[in-house]
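Here's the structure we're looking at; comments come further down.
The values are calculated or read from the model by the stated rules, or taken from the named source; none is laboratory data. Given the structure is predicted, the values throughout are model-derived calculations rather than measurements. With ideal geometry, Cβ positions are generated from the backbone for all residues, glycine too; neighbour counts draw on all protein chains shown. Surface areas here come from the heavy atoms of the whole protein model, side chains and all, with no ligands, DNA or RNA. Shrake-Rupley method; radii C 1.70, N 1.55, O 1.52, S 1.80 Å.
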Amino acid sequence: MRKLVLNILSDTGLTPIKQLEIMKDVGWDGYFDSPAGTDFQDTADFAQKIGLFHQSVHAPFKNAALMWEENESGDEETARQTELIRACADRGVPLIIMHTIIGMDKHSPCAIGSERFGKVFEEARRLGVTIALENTEGEEYLERLMTDHRSNGAVRFCIDTGHEMCYNGRRDLIGKYGDRLVCTHLNDNMGQTGDAVTFLDDSHMMPFDGTADWSDIALRLNKAGYTGDLTFEIAYKSRQQRDTHKIYESLDYRGFIALVLEKARKFAALLDKKA
């Protein structure tokens, strides 16, 4: 049976450990976190104690563009990402989700960036850790890395359904990279809402609350032969100047993640029905 996995949420007023306690009580199978550094042992130990699956770690991505620049900052970011690989290997976390770029104006992947990512990927392969590259803005960077490092079995793909809708113009990236798909970041949004897409469109709503075609997503995942865990990456509050999450504002944290779980189970059933 597929495990249902939820991210640790920000802006809840609750510690990660308290969130894990409530996640387990509500009925989630596992979680993933996005640590600022390499210190996530306390949450991992607590999750193991209560029987909650630590599915993955999301690598820091705010400096992802530095990996593609010809200066020392790129080397420093490479070292930082490599350190996270080693920390995950030491703590038995088998999967790391990584962005290839950040920045709507970035469209020129270069050799030095691919080489730097290649060093990170090789360390992951050596240590038995899988890196799943996520679709974001700047599809060219994802395509460059997936092409250049196809022979490295540690390099796989994570589909973010919300990113596919707004950042990728609803192009079928599940179909494009389905043969290397190992995980999901399932979420909804309203698509591109202005003349140009911005990060504000990436609202990370609950499934079935935006404009995503979840029946089509289920069909495409099944066509790709995906049988893994279903991981949901949801935001607790609206982006600034947006009101996408107003429909959830009456819910406390427990009620919020219970509703996400209800929708997660609905999608899991739809996926099994379409199989």
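What the table shows:
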{"read-out": "Residue list for the range 59-78, restricted to those being open to solvent by less than 60 Å² (accessible area, probe 1.4 Å) and in a helix (DSSP H, G or I)", "value": "64, 65, 66, 67, 68, 73, 74, 77, 78"}
{"read-out": "So residue 15, is it β-branched (Val, Ile, Thr) and either in contact (Cβ under 8 Å) with a residue 12 or more places away in the chain or touching an Asp or Glu at 6+ places or on another chain (Cβ under 6 Å) (or both)", "value": "no"}
{"read-out": "Some residue of the range 196-205 being open to solvent by 80 Å² or more (accessible area, probe 1.4 Å) and under 19 Å from residue 166 (Cβ atoms)", "value": "yes"}
{"read-out": "Filter result for residue 91 (open to solvent by 50 Å² or more (accessible area, probe 1.4 Å) and modelled with pLDDT of 95 or more)", "value": "no"}
{"read-out": "Residues located in the range 16-51, provided they are part of a loop (DSSP other than H, G, I, E, B) and either over 24 Å from residue 98 (Cβ atoms) or open to solvent by 10 Å² or more (accessible area, probe 1.4 Å) (or both)", "value": "27, 29, 34, 35, 36, 37, 38, 39, 51"}
{"read-out": "Of all residues making up the range 123-137, the number that are open to solvent by 10 Å² or more (accessible area, probe 1.4 Å) and touching a residue at least 24 places away in the same chain (Cβ under 8 Å)", "value": "6"}
{"read-out": "Odd one out for residue 10 among (1) open to solvent by 40 Å² or more (accessible area, probe 1.4 Å); (2) closer than 20 Å to residue 92 by Cα; (3) in contact (Cβ under 8 Å) with a residue 12 or more places away in the chain; (4) not aliphatic (A, V, I, L, M)", "value": "(2)"}
{"read-out": "Residue satisfying all of: in the range 94-122; part of a helix (DSSP H, G or I) and without any contact (Cβ under 8 Å) to a residue 24 or more places away in the chain; least open to solvent (accessible area, probe 1.4 Å) among these", "value": "111"}
{"read-out": "Residue selected from the range 207-237 under the condition assigned to a loop (DSSP other than H, G, I, E, B) and out of contact with any strand residue (DSSP E or B) (no Cβ under 9 Å at 6 or more places or on another chain), by the criterion nearest to residue 271 (Cα to Cα)", "value": "227"}
{"read-out": "Close pairs (6 angstrom Cβ cut-off, 6 or more residues apart or separate chains): among the hydrophobic types (A, V, I, L, M, F, W, C) in the range 21-49, open to solvent by 60 Å² or more (accessible area, probe 1.4 Å) anywhere", "value": "22/254; 44/91; 46/17"}
{"read-out": "Residue match in the range 140-154 (condition: under 18 Å from residue 102 (Cβ atoms) and in contact (Cβ under 8 Å) with a residue 60 or more places away in the chain)", "value": "yes"}
{"read-out": "Matching residues, the range 49-63, being within 20 Å of residue 257 (Cβ to Cβ) and not β-branched (Val, Ile, Thr)", "value": "49, 51, 52, 53, 54, 55, 56, 58"}
